[in-house]
1. Collect the residues in the range A:541-557 that are of a type outside the set (D, E, K, R) and either more than 26 Å from the chain's Cα centre (by Cα) or surrounded by fewer than 23 Cβ atoms within 10 Å (Cβ to Cβ) (or both), keeping them in residue-number order.
2. Just to be sure I understand, how many residues within the range A:63-97 are within 7 Å of chain B (Cβ to nearest Cβ) and either closer than 20 Å to B:GLU313 by Cα or touching a residue at least 24 places away in the same chain (Cβ under 8 Å) (or both)?
3. What residue, of A:TYR153, A:TYR118, is among the aromatic types (Phe, Trp, Tyr), in contact with a helix residue (DSSP H, G or I) (Cβ under 6 Å, 6 or more places away or on another chain) and buried (at least 19 other Cβ atoms within 10 Å of the Cβ)?
4. Just for helices (runs of 4 or more DSSP H) wholly inside the range B:115-234: which have at least 2 residues that are more than 14 Å from chain A (Cβ to nearest Cβ)?
5. In the same structural domain as A:THR16 (by TED's automatic domain parsing), in a loop (DSSP other than H, G, I, E, B), under 17 Å from A:SER120 (Cα atoms) and at pLDDT 90 or above: is that true of A:SER51 in this structure?
6. Conditions first: (1) at pLDDT 95 or above; (2) open to solvent by 20 Å² or more (accessible area, probe 1.4 Å). B:LEU113 passes all but one, so which condition is the exception?
7. Tell me which of these B:GLY97 doesn't satisfy, since it passes every other one: (1) open to solvent by less than 50 Å² (accessible area, probe 1.4 Å); (2) in a loop (DSSP other than H, G, I, E, B); (3) modelled with pLDDT under 95.
8. Which residues, counting only those in the range A:429-452, are farther than 25 Å from A:ASP489 by Cβ and in contact (Cβ under 8 Å) with a residue 24 or more places away in the chain?
Amino acid sequence: MGRIGVLELDGKKHTTPTTAFVDTEKYPAPPGSLTLSIERGGEAGLVIARSRFATGPEAGEAQADLRPGTRGSPYAPPQPAGGFATVADIAGGLLDSTEFVAAIGKIKGSEDLLRPLYCSVMGLPHRLALLTYCGFDVFDSVPLIMAAENGTYLTTTGPLEHSALRELPCSCPACSEGVTDKKHLLAHNCHEAISELKLVRHAISQGRLRELVESRVRSDPWLVQDLRLLDLEHYELLEMHTPVRGSPFHAGSKESLMRPDIVRWRRRLEARYAKPEGTRILLLFPCSARKPYSLSQSHKRFREAVASSGAGGIVHEVVVTSPLGLVPRELELFYPAKDYDIPVTGHWDNDEKKMAQEMVTWLVTTQRYDLVISHLGDEREPVNAVLKDFEDTSLGHPGSRESLDNLEAVLREHAGDTGMGDRTLADMRALCVFQFGPAGGNLCEGAVIAGRWPNLKIMRGRTQLGMLTGERGMVSLTMDGARVLASADAYCVEIDDFAPKGNLFAIGVEKADGQIRIGDDVAVTHKGEVRAAGVAKMTPVEMELAERGEAVHIRHSL
Amino acid sequence: MDWRRDLTSPASVWREKELLQGKVVDVGVAILQTSGCRHYHEGGCSMCGYNVDGAGDVKPEQLEKQVEHALGQFKDVPFIKIYTSGSFLDECEVPSGPRDKLLSACADRGTRLLFETRPEFVTDQTLDHVRAIHSDIEIALGLESANDNVLSWSINKGFAVKDYDEAARKLKDKGIDVRTYVLLKPPFLTEREAVEDAERTIAHASKASSCISLNPVNVQKGTLVERLWRTWAYRPPWLWSVLEVLRSTKGIDSKIVCDPSGGGKERGAHNCGKCDGVVLDSVKAFSLSQDHSRLGAPDCECRGIWESVMELEGFVMGGTPDLQRFFRRQRA
């Protein structure tokens, strides 16, 4: 839910997430920053109204960006909403992660999703990554000042006691001066928040905020709790905001197992996946560091053994891996299967073992193979423990000559000469169903596959319906492909009666299929007629609610 | 209510000093166990936990015994204060029997008597009746704030400023001294708003009051304020704020008194723990002398924090989190 935005105030633009600096006589805002002042009329920057309890005239509340109102008093009537969305009870949220996460779920699960979200008091530098991930857009400098007043030196890995520092672990202008008074401490704290937000914005632009969050939460139990609770209790919300295609990432922490894109992979396998038609032998392989796996030395050898056995047409290769659980060969280009990196020690921890066992059990009980072959390495023991009636060909060393010969012999023995045959269409169908759900299968009806892996075209006669590219790892639709999906009413964005060119703005969207995720190929339709095909740039909820912004990037149109 | 509770003696009895006509005198104070404040039964005030003293089924004879008990303790004092945790003039709370007994005993002894009431029980009829028995009386009204928004949305006081004004005028017309309670820092106000509200309320109350009592909120059991305080969403006022308000009363004719309940403790008005005692002593000295030069304390490190809080709290969106508590290292 972390997002980059532009806040336009009095003709000045501020890129969010950003910090608004309190601007008073005692604490003047840093020059050029977004300022925050209490209603006095005519000031630039953000204006906060006086509360309903302030003595004196109650002018200007309607013009203010932020309105404290009655500060949540249960005796007062509900307050009219201001320009920003806010968290109702800061103290409760900071003390109780459950309450904090519930507040986030409430705001982001409502129409407030579209309003800029303001974060008072919480925004210490080490929390900015997580708070941004939760969807906050603007922070205030109150915590930076209060920390300085209490002798606290802020860093991106947590607060330190200023007086205990024998040398200052920072080279910002304030720290470089060698003066350790409150003024310099405050200047450092502000600098730290500003530079952390630069890093946060960079991480968002690279699609790698989650990794920054996982590293920043380490220093503060409150942050770890928040992240875990978000993952556990608000998966649907996080998942909806997670693009289907992203940057390569490092899955280096316990929380990585619960990344929304990783959980989505596992859940989508269970919800949508069917093995390629005609496959009868399940062959489990270990993962490789190099992605896609097929390009690694170990997998090249595995595949040679399969090819020379003559059983390639009926063998379903599936990679057992953490944190994804399983990666069927035909999905190995699909994000995040070729985009994750994990620390490998050769030891699987219990969470990873349990997850692999559950996934393998799911696979063998739902997909029904004639034979299961375990050709595994470090994960061999836990996986074998849940398999019944299987052949173990790896002997614990899947890459050894002996094991590879063993594998080839077992395959040859079971397959005989039934194993040849072209699998590319069946594999493509499995991928299309994984990407688009059951409607995706229609793309492959009466189709042939042309081209050379990993760049493959889905052709029906002379008509191209879509294309898988190694770079995207998923199928891009042509207008004809979009028509196939539209006829099944899947992945459609319904628009008013016009012909979109270049891009489709949210204002034109009437309705969007709830399955659509950012990065998905979609059909843009009007009353059943496909007007364009393109890539989703928003969540379906945003497409329907928002009145501005690009909803779909159009690739083909009428 | 607890059946073992003895309803024949007051909940509490003590002596304190107060400035009376230029002299510091001994004052006898008793808190009676009554059926409790009428307003408590209608929701009550956000900061008031005194209703725990309320004894639902106290009988008039028992209240009379309590009055006798108190009178027996205070034979030698020129001034008696009777608190009921509610309204002394509400006949449902204090029936005429014990009430008139107390009034006539004080009249016989020539003892000044102070009691409290909500303004709705200040009627011409009651006042005439009371005055006919005893004339040296002072009646305390809890105005708390002269801002109707604060009265209804922060305190849930159940009456408006004009109701107080009317009651105070009636009392003044009958020549009865008015003491007005002013609350410092009811919930949902920032420290600065609280100070400004108290200053403005004192100015308003001074028009009709011979004495004004500044009451910094303390966190009482079972109240909304306690619930907020437990989740760090409320902090009792700083003693620096108490000083600030008292200093601003220079030039006000009414006597100003302040005796912060729970002063210096986490649940009462407090500073950092180091300077609390000195500030509280100065507040006491001021109350007994009305000498503003007695107010003050040597500068303490925590004053800077209080100043930041005064400056910054108005910028906070999302309640009134205790900024000091979230950012300080824990109090020793």
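The values are calculated or read from the model by the stated rules, or taken from the named source; none is laboratory data. Please read all numbers here as calculations on a predicted model, not as lab measurements. Ideal geometry is used to build each Cβ from the backbone, glycine not excepted, and the neighbour counts take in all protein chains shown. Heads up: the accessible areas ignore ligands, DNA and RNA and are worked out on the full protein's heavy atoms, side chains in. Shrake-Rupley method; radii C 1.70, N 1.55, O 1.52, S 1.80 Å.
1. Result: A:VAL541, A:LEU545, A:ALA546, A:GLY549, A:HIS553, A:ILE554, A:HIS556, A:SER557.
2. 16
3. Being among the aromatic types (Phe, Trp, Tyr), in contact with a helix residue (DSSP H, G or I) (Cβ under 6 Å, 6 or more places away or on another chain) and buried (at least 19 other Cβ atoms within 10 Å of the Cβ) holds for just one of A:TYR153, A:TYR118, which is A:TYR153.
4. In the range B:115-234, the matching helices (runs of 4 or more DSSP H) lie at B:124-133, B:161-173.
5. yes
6. Of everything listed in (1) at pLDDT 95 or above; (2) open to solvent by 20 Å² or more (accessible area, probe 1.4 Å), B:LEU113 misses just condition (2).
7. Answer for B:GLY97: the failing condition is (2).
8. The answer is A:ILE449, and nothing else.
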